[in-house]
1. When only residues in segment A:181-192 that are touching a residue at least 12 places away in the same chain (Cβ under 8 Å) and not in a loop (DSSP other than H, G, I, E, B) count, which is nearest to the other protein chains (Cβ to nearest Cβ)?
2. The conditions are (1) more than 7 Å from chain A (Cβ to nearest Cβ); (2) buried (at least 21 other Cβ atoms within 10 Å of the Cβ), and B:GLY84 fails exactly one of them. Which is it?
3. Would you confirm, using the coordinates I've provided, whether A:GLY116 is over 21 Å from A:VAL328 (Cα atoms), touching a residue at least 40 places away in the same chain (Cβ under 8 Å), of a type outside the set (Asp, Glu) and not in a helix (DSSP H, G or I)?
4. Considering each residue of segment A:153-175, count those that are part of a helix (DSSP H, G or I) and either within 13 Å of chain B (Cβ to nearest Cβ) or not hydrophobic (A, V, I, L, M, F, W, C) (or both), and give that number.
5. Would you mind stating whether B:PHE72 is facing another protein chain (nearest Cβ under 7 Å), of a type in the set (A, V, I, L, M, F, W, C), under 20 Å from A:ALA215 (Cα atoms) and surrounded by 20 or more Cβ atoms within 10 Å (Cβ to Cβ)?
6. Is it fair to say B:ALA115 is within 26 Å of A:GLU224 (Cα to Cα), facing another protein chain (nearest Cβ under 7 Å) and at pLDDT 95 or above?
7. Could you pull out the residue among B:MET65, B:MET61 that is touching a Gly at 6+ places or on another chain (Cβ under 8 Å), over 22 Å from A:ILE173 (Cα atoms), at pLDDT below 95 and within 9 Å of chain A (Cβ to nearest Cβ)?
8. Only one of these conditions is not met by B:LEU79: (1) at pLDDT 95 or above; (2) more than 9 Å from chain A (Cβ to nearest Cβ). Which number is it?
Amino acid sequence: MDLLDNLALGFAVALTWQNIAFCFLGVALGTLIGVLPGIGPVATIAMLLPITFHFEPASALIMLAGIYYGAQYGGSTTSILVNLPGEASSVVTCLDGYQMARQGRAGAALAIAALGSFFAGCVATLILATFAPPLAELAFKFGPAERFSLMVLGLVAAVTLAHGSLLKAVTMIVLGILLGLVGADPEVGRMRYTFGLPQLTDGIGFVVVAMGIFAFGEIIANLERGENREVFTANIKGLWPTREDFRLAWKAVLRGTGIGSLLGILPGGGAVLGAFASYMVEKKLAKDPSRFGKGAIEGVAGPESANNAGAQTSFIPLLTLGIPSNAVMALMVGAMIIHGIQPGPQVMQERPELFWGMIASMWVGNLLLVILNLPLIGIWVKLLSVPYRLLYPAILVLCCIGIYSLNNSVFDVGLAVLFGLLGYVFIKLKCEPAPLMLGFVLGPMLEENLRKAMTISRGDPSVFVTRPLSMSMLLIAAVLLILVVLPAVRRKREVAFQEP
Amino acid sequence: MRVGVSADNETRQTSGVQHNAQTTQCQWGRRVIRGRQDFWAGLLFVSFGVLALFVGRNYPMGTAMRMGPGYFPMILGGLITLLGLALTVRGLLVRGEAIERISIVPLVLVLASVAVFAWTVEDFGILAAVVAVVVISSLARGRPHWGEILLVCVVMCALAVGLFTKALGLPFKIWPG
């Protein structure tokens, strides 16, 4: 069978000592930053991108992917023990996980979270391996018009599924696209929005944008809030959940895996959405919903499985269509481009070892994560007691080194200061930065395909609606937008993102 | 800074009713601008949009069939301006959350530490730059604990030299001069 051959190839790559080591490094780093509040996978991956230039492409991608799904494991630890979500995707885990910890059942919560995540990770890896090839096959039939429409659909879906104000999210996307156009025009070489600065000829580096907006803005906002943490570490002796816990949790894990995998594939989905959806489903299905918020184990098992499944299936649009579905995937695009790989359906054929190696590494990584998170949980708990005042100067140093070393450019570091200011203003104005990052990465591709499509159609814009594939994608995008604007759905959407 | 002004208004409101003129101004502001976040975000976007249209006004537009460098940016600039205007209007009409307090100290010190890194790293070497970032940014959080700052400095300098410069071969100059 094809699938088995492919997976065998993948494991042959993923199981070399070198790649196991990079995978371990990635998931350990991911767990670390997941545990530490105040630094997320976006900033970390941005920080490490320049360094991965010195690695083999497969090793680099294996490590960076590990950071993302590893962060989902680590994020649950802080949610349960400190009631502080280490990652956005672990917000809902706080609700019941922290209550379990207060009742002295932190061990059971941590174990269920890790085991549920492991199960979800394995299933999601299989889904990725099964569905990626046919999707890539489909993507090969795409012309410029289809590619343009697909990107529009991706961006629209990203805003409708993201939380917060729709109007702001759309504007952030357009602003991101515009920022992506800075630099020499790809066709005629005319400088655009460079303000006479030669350093902007190749455009603004995405590491600069990501670091400024996600890392610097976030650190400043964290510093304002101050820290008051209460860690429940005394009670994590009994690590193993009871038989009753398993009985309650296993269905939640199954459902969470399903929901997470499905929502992860959608553009804009990723890990966060699945976790929220899963929590709501569990609450709806429970015989006694009032247990939720008071330490119901399903409220930990479901969302934790969902966020891990979603983190992994969100690689599908990137690897098959070349379209990043969230800010982390946008950075993965950057990582691939650094190594001279254009993300898209051709990766699977031209670099099968890279593609399948990455997928197989996810399974390896999940196994490593269970080992890292269950027997070694004590180490991560100790790390929680490192105060933020020691962490953020260190994070800032790493960010500076990361930005500078990408092009050995002092200019980039200065530009990141500007984006840091902008990022802080966005936080204060409640403008989600992730859509801007997506628009920024997709901007140049969007323009290129728009131009090509219009040239082929001799300036006739109807090309986007007369080609069936392109039309159906634009139609879905339109329906999505209309749905979200409808008052009834809008109210539900607001509730969905606020209630848990 | 525009955002700063609105935050000032907030603090004035809480600080009492001593200054009559200012309070009236606040109430006026509150009645006219109902959703401050939307309003200021809208204005920010409008200024980006207008800037894009203005700077790009001379870029060749080309035709729909052969789009010039100006075609797509003009669409985007116009779109941002319109969306920003819509947001501003919504800020005037729909009641929304106030903007949280802006703390200038962490903002300035964190960004300044990065700027100083940019300024020092090539002329004074990586060690000086790292120490500058750690010391300046540490001041952003209340009373400095100098022992801890020293510890972070030592650890990060060791990393910068040992890992980044020696092991990973990044082309940093270590010492000044």
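The values are calculated or read from the model by the stated rules, or taken from the named source; none is laboratory data. This one's a predicted model, so the numbers in the text were calculated from it and none came from an experiment. When we count neighbours, we look across all protein chains shown, and the Cβ atoms used for this are built from the backbone with ideal geometry, even at glycine.
1. Of segment A:181-192, the ones touching a residue at least 12 places away in the same chain (Cβ under 8 Å) are A:181-184, A:186-187.
Pick out the ones that are also not in a loop (DSSP other than H, G, I, E, B) and you get A:183-184.
Numbers: A:GLY183: 11, A:ALA184: 9 Å.
Per the criteria, the residue is A:ALA184.
2. All conditions pass for B:GLY84, except number (1).
3. Working: over 21 Å from A:VAL328 (Cα atoms): yes; touching a residue at least 40 places away in the same chain (Cβ under 8 Å): yes; of a type outside the set (Asp, Glu): yes; not in a helix (DSSP H, G or I): no.
Taking the combined requirement at face value, the residue does not satisfy it.
4. Quick first cut of segment A:153-175, residues part of a helix (DSSP H, G or I) only: A:153-161, A:166-175.
Checking the rest, the ones that are also either within 13 Å of chain B (Cβ to nearest Cβ) or not hydrophobic (A, V, I, L, M, F, W, C) (or both) come to A:154-155, A:159-160, A:166-175.
Looking only at that region, the number is 14.
5. On the way: facing another protein chain (nearest Cβ under 7 Å): yes; of a type in the set (A, V, I, L, M, F, W, C): yes; under 20 Å from A:ALA215 (Cα atoms): no; surrounded by 20 or more Cβ atoms within 10 Å (Cβ to Cβ): yes.
When the stated conditions are applied, B:PHE72 does not pass them.
6. Working: within 26 Å of A:GLU224 (Cα to Cα): yes; facing another protein chain (nearest Cβ under 7 Å): yes; at pLDDT 95 or above: yes.
Taking the combined requirement at face value, the residue satisfies it.
7. Working: B:MET61 fails: within 9 Å of chain A (Cβ to nearest Cβ).
Checking each option against the conditions leaves just B:MET65.
8. Just one mismatch for B:LEU79, condition (2).
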